[in-house]
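The structure appears below as structure tokens.
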Amino acid sequence: MASSFLSKGQKLNNHYVQAVIHEGIQKAATTQNDVELLSYASKAISSLVKEDGTLIGWNSTYYTLDDIRMGNNILYFWNSEGRKDKKYEIAAKGLREQLNRWPRTPKGGFWHRAPIYKNQMWLDGIYMADTFYATYTSYFEPQNTTAWDDITLQFDLIEEHCRNHTSNLLQHGYSEDKSTVWADPVTGASPHVWDRAVGWYFVALVEVLEVFPKSHPGYAKLQKYLTTLADGLKKAQDASGGWWLIMDEPYPGMKGNYIESSATAMFTYTYLKGIRLGLLDAAYKTTALKAWDLMADEFVQYEKNGTLSWTGTVEVGSLSGNATYEYYVGVPLALNDGKGAGPFMYAATEVEKAGL
């Protein structure tokens, strides 16, 4: 899948979709010891950072959490290639310092995007920003308790407002001042559990825990958030092995709803990585492999030219409108969408690491 994506004309930029695709390619190349493929990924990320450390396309005064995600790719190659490339260090520092200036909710949560999503936190944003925030802190400021506290706070706020303690799933996001049209009058939460938002969040939990100091009290909290969500997702898994686009009851199986591929890939990856890191019970392997079999059968498309394509990924899901069920299920599906293919590559590497 990674090799196939090189032929699909991806437009390279600093957007999170390209960050996800190239992280998938990097993971595949590393797992397969494919020097040529890894070289491609390294050069692609390098081409986005000028020699003076300027990240091409990044605006230091535009606050959208989506644009922080490329920081993970930058840190990966800075670290794996000997921690000697100063331009990566400068670019990562710029992103990190932007977080210090970020507009926040009254309780301290990062706005998803300013100014249009004022006082809103989305599950998506946790993946986009806090995995980078945690990795950067682990590399450059491991003793910075204030930073670790702040990272924990971002998860705490999402949990406080978005977690459904009956299903153990989470709503897409919340409005802290409850001023948004879709905000629940008590919690501020949006009305639905959208699968990809939950997927981003599940991935973020395991990736942040991978670098989080175990001695910090936030570690145990994040681990509990992870195991609770793992339980909820197992219960929500469809008999086919996948997960519905809209996951809250009574919508699974309802007209218009469908099994969606990007979240199915994210859940598979996180279950397997969580098991490998000792964060999740090995019994979840059955859940993950059921999903893996579905993806291989239903979402991997074999092209006549010998390449692979990826199907079944919803183009977008946003809280910019009324966040109705009809909105979510009305968004079209995309072929070879990096938001699905990238996580599929992530999952495939974990399948290999597990020897499955």
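The values are calculated or read from the model by the stated rules, or taken from the named source; none is laboratory data. Everything numeric here is computed off the predicted structure, so don't read it as measured data. Note: ideal-geometry Cβ built from the backbone for every residue, glycine included; neighbour counts use all protein chains shown. What goes into the accessible areas is simple: the full protein's heavy atoms, side chains included, and nothing from ligands, DNA or RNA. Shrake-Rupley method; radii C 1.70, N 1.55, O 1.52, S 1.80 Å.
Brief remarks on what is shown
Table: residues versus (1) free of Cβ contacts under 8 Å to residues at least 60 places away in the same chain; (2) farther than 14 Å from LEU65 by Cα; (3) open to solvent by less than 10 Å² (accessible area, probe 1.4 Å); (4) over 21 Å from the mean Cα position of the chain (by Cα).
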{"site": "HIS112", "(1), (2), (3), (4)": "no, no, yes, no"}
{"site": "ILE116", "(1), (2), (3), (4)": "no, no, no, yes"}
{"site": "ASP130", "(1), (2), (3), (4)": "no, no, yes, no"}
{"site": "ALA147", "(1), (2), (3), (4)": "yes, yes, yes, no"}
{"site": "ASP150", "(1), (2), (3), (4)": "yes, yes, no, no"}
{"site": "ASP184", "(1), (2), (3), (4)": "yes, yes, no, yes"}
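- Residue tally, condition closer than 17 Å to ALA323 by Cβ, in a helix (DSSP H, G or I) and hydrophobic (A, V, I, L, M, F, W, C), over region 111-161: 2
- Complete set of residues in region 304-331 that are of a type in the set (A, V, I, L, M), open to solvent by 10 Å² or more (accessible area, probe 1.4 Å) and over 16 Å from LYS8 (Cβ atoms): VAL316, VAL329, VAL331
- Residues that are of a type in the set (A, V, I, L, M) and without any contact (Cβ under 8 Å) to a residue 60 or more places away in the chain were ranked within region 297-332; the one that is farthest from ARG276 (Cα to Cα) is VAL331.
- If you filter region 186-201 down to residues that are hydrophobic (A, V, I, L, M, F, W, C) and within 18 Å of the chain's Cα centre (by Cα), you find that the one that is nearest to ARG69 (Cα to Cα) is TRP200.
- In region 162-182, of all residues being open to solvent by 30 Å² or more (accessible area, probe 1.4 Å) and charged (D, E, K, R), the one that is farthest from TYR325 (Cα to Cα) corresponds to ASP177.
- First in region 241-263 and touching a residue at least 60 places away in the same chain (Cβ under 8 Å) and in a helix (DSSP H, G or I), second anywhere and of a type in the set (Ser, Thr, Tyr) and surrounded by fewer than 20 Cβ atoms within 10 Å (Cβ to Cβ), Cβ under 8 Å, 6 or more apart: SER261/THR311
- Every pair of residues 6+ apart whose Cβ atoms lie under 8 Å, when the first sits in region 207-220 and is assigned to a loop (DSSP other than H, G, I, E, B) while the second is among the aromatic types (Phe, Trp, Tyr): PHE212/TRP148; PHE212/TYR219; PRO213/TRP148; PRO213/TYR219; HIS216/TRP148
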